[in-house]
């Protein structure tokens, strides 16, 4: 063994060939792999159940047929000399003296190389571009290369002697080993072509930043009249005040609006992202916390400040192209989604049909593509009663633009003197179309002498609720997003209130909205010179008035039936068995305030429905009610 140790010390070798036997853990792993392969080869789709039982089966000795042979248990492998576990040779100390004559590491945003020299150790410190910043000879040959390196690193981490040499090195930074030869080669290339490369790199980065900002200027939606440049200057000034306040030893380089807003892809509640490049030893994480602790806002929009530095994330010129690529992918995804929605929301054309024979439209007269209700009724009434081909009908046809006519949705609504609306429960293509429901409602309203089975009111209420909800969203999107977690539940609650006649808060909301919007419209017209039809306030007031009229005209059928059943002796339009409702003060209110209250009401009513048997309800037409 002494001869081997001497030979290694004088000649040196990297690996030794070792002959050994499998360990118990290796044998078990070998058997497990063979067991898994056997299961997969048997054609089983799911082997997890069997693999879960492997440990138990192995311990029970039921895997003997899969155990390795004697030859398979014998392993020959080449082991690095430093990892050779030999009790007679101190492989680590022997190789340390031979191998560690030159070392290279990265420390934060600096590279360090060190090698043996005649009088000690020669070291060099580089920046991230492999430019030499400092170097010299550590003239103490009595210590190891590692000890010399530790002394150099300690000096670099000394907080009392900060300079540009230390860059962003902090006391808790650790050395990261790198290849010495590769570092030396890159440093030589930098020394040879450094100025030329730096000029080219700086020019490329400046162009990348300028192009990014120019694109932002083109697509950015101003905030309270502030442009992208205004915002970047505001953020820069805010950060400089924070730096002065805390005495932070950094230098701001530049700032750029980034994130979805820089490409006009933001949603109403999106933050305003600003990335800021700096130079200094402070960490990006610490600066992020310091810069964002006050919740800085511009025009009511929260600003999210992201500090970056060359030694960590990179410069602005290096960082922004990645942002551009990400936002390009996001824009493409949004465009694809919009195209899909446009395909789904293609305009539909609703027309009417009249058939002499409702059962078979090709028997007798058949009229289609009738644009108006009155025209359809006139054609329907012109069919001579003496014709006995069948029962005449009026139907509805929904055609989607860009599709073939055979894909249309068509169904008879009126057959003879009966309009069966109950069947519409099974035709969502019709009931999901507001225009179709509106046409059917007009048809029923103008056919005075027919029997109406069922009602349209639940779909009409749902459409009206969706319109009110959309108006609320459009008017104050930020508040809406902060208060409404589930939009479908919101619309469902409004729908139920409309159907039950609990619309007082909706009336208050729309009236308050009209008042606010009229004031805003007057400011637009008289203060800004905006045309009447171009004023957003005027358009909002018009829409609110339209919905208020619809709400007033709406007939809550479900509420009427409920009142008939629970209040037989009512003669003064006041429910004797209900508490009088407190009037709400008019003003600008939010329809979201009703959600919690409605949830409790619904839960209580559901409980009551389970306890009290349903009463028979006479089916009535809308006209009879």
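Each value in this text was obtained by applying a stated rule to the coordinates, not by laboratory testing. The structure presented is a predicted model; accordingly, all values stated were derived computationally and were not measured. Please note: Cβ atoms are built from the backbone with ideal geometry, for glycine as well, and neighbour counts cover all protein chains shown.
What to note about this one:
- The stretch 273-301 and the stretch 475-534: distance between their alpha carbon centers, rounded to Å: 36
- Cβ-Cβ FRET estimate between residue 374 and residue 406, R0 fixed at 35 Å, reported to 0.05: 0.80
- The value of relative contact order for the stretch 342-446, using C-alpha pairs under 8 Å at least six residues apart, is 26 percent.
- Packing-based exposure ordering (other Cβ within 10 Å, fewest first) of 121, 475, 50: 50, 475, 121
- Two-site FRET efficiency, residue 219 against residue 40, from Cβ-Cβ distance with R₀ of 56 Å, rounded to 0.05: 0.60
- Inter-centroid distance (Cα atoms) of the stretch 307-334 relative to the stretch 214-230, Å: 18
- Value of D in µm² per second that Stokes-Einstein yields for the stretch 137-211, Kirkwood Rh from Cα pairs, at 37 °C (0.692 mPa s): 208
- The mean sequence distance of close C-alpha pairs (under 8 Å, at least 6 residues apart), as a share of the length of the stretch 465-546, puts its relative contact order at 29 percent.
- Proxy reagent accessibility, fewest Cβ within 10 Å first, across 440, 423: 423, 440
- Over the stretch 420-471, relative contact order from alpha-carbon pairs under 8 Å, at least 6 apart, %: 44
- Put simply, the convex hull of the Cα atoms in the stretch 226-342 casts, on average, a shadow of 7.8 nm².
- Shape box of the stretch 348-433 [Cα atoms, principal axes, largest first, Å]: 39, 26, 23
- Measure of compaction for the stretch 100-178 (Cα Rg per 2.2 N^0.38 Å): 1.03
- Cβ-to-Cβ counts within 10 Å put 139, 412 in ascending order as 139, 412, the fewest first.
- Remark: the residue 180-residue 20 segment gains 54.1 nm on full extension, using 0.36 nm per residue and subtracting the alpha carbon distance.
- Whole-Å distance, taken between Cα centres, linking the stretch 125-204 and the stretch 421-442: 76
- Put simply, the stretch 424-496 fits an ellipsoid with semi-axes of 31, 12, 10 Å; these come from the alpha carbon gyration tensor as the roots of five times its eigenvalues, largest first.
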